[in-house]
1. What strands (runs of 3 or more DSSP E) lie completely within the stretch 50-111 and have 2 or more residues being modelled with pLDDT of 70 or more, open to solvent by 60 Å² or more (accessible area, probe 1.4 Å) and out of contact with any Pro (no Cβ under 7 Å at 6 or more places or on another chain)?
2. Please identify the pairs in which a residue from the stretch 50-71 that is more than 21 Å from residue 138 (Cβ to Cβ) has its Cβ atom under 8 Å from the Cβ atom of a residue that is open to solvent by 60 Å² or more (accessible area, probe 1.4 Å) and part of a helix (DSSP H, G or I), counting only partners at least 6 apart or on another chain.
3. Filter the stretch 1-40 down to the residues that are outside any helix (DSSP H, G or I), open to solvent by 20 Å² or more (accessible area, probe 1.4 Å) and not polar (S, T, N, Q) and list them by number.
Amino acid sequence: MADLDLGAVRAFLAVAEDGYFGEAAARLGISQQAVSKRIAKLEADLGVRLFSRSRNGAGLTRDGTAFLHHARALVGIADQALEAVRGRRRSLRLDVLDTRLWCVDLIRAFHQTAEDVDSELVTSNGLRTARGSLARGSVDAAFARVSGTLDDDIRQVPAYLEPVHVLAGRDHPSPACAR
């Protein structure tokens, strides 16, 4: 029996959460070919197909769905083991959609009042990928727009209320834009 490669399991989780090999590759910082090879080796080691592939992305097969919970547990335990050996406090990991957004300003303001807290920014595809990252503990908090309901194990709190302005040309007939 072959040992499972954690890099392949991480690639599996990334594809399962993103739905696309290319997006998973971008998140992992490796090539799409490397992700494909890792998934192919993992499928060969397990003796099952984990994904059904189509032009619309990659969906989990029945075997992939059965493996998903265990894969999250494996990666979670591996991350905990690494943290225990490193012997230092882990940085607060914050998931943001883009480092140019308002949430980065909010994090900077936080650091001005809590200088002893280290943080690490992780960029993602918003709530679509943040759910999985939060579930497996690879991030501590995520900044994302929420519409609809969330899983019971995820809580949400409004973090920042952005002012929205109406912009119009100087000669626009709208009374809201009149001087």
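The values are calculated or read from the model by the stated rules, or taken from the named source; none is laboratory data. Everything quoted here is computed from the prediction, not taken from an experiment. In this analysis, Cβ positions are derived from the backbone assuming ideal geometry, glycine residues included, and neighbour counts consider all displayed protein chains. SASA here: full protein model, heavy atoms, side chains in, ligands and nucleic acids out. Shrake-Rupley method; radii C 1.70, N 1.55, O 1.52, S 1.80 Å.
1. Because the criterion is at least 2 residues that are modelled with pLDDT of 70 or more, open to solvent by 60 Å² or more (accessible area, probe 1.4 Å) and out of contact with any Pro (no Cβ under 7 Å at 6 or more places or on another chain), the strands (runs of 3 or more DSSP E) in the stretch 50-111 that meet it are 51-54.
2. Close Cβ pairs (under 8 Å, with a partner that is open to solvent by 60 Å² or more (accessible area, probe 1.4 Å) and part of a helix (DSSP H, G or I)) amount to 63/46.
3. Taking the stretch 1-40 and keeping what is outside any helix (DSSP H, G or I), we get 1-5, 19-20, 29-31.
In the following step, the residues that additionally are open to solvent by 20 Å² or more (accessible area, probe 1.4 Å) were identified as 1-5, 20, 29-31.
Matches in the stretch 1-40: 1, 2, 3, 4, 5, 20, 29, 30.
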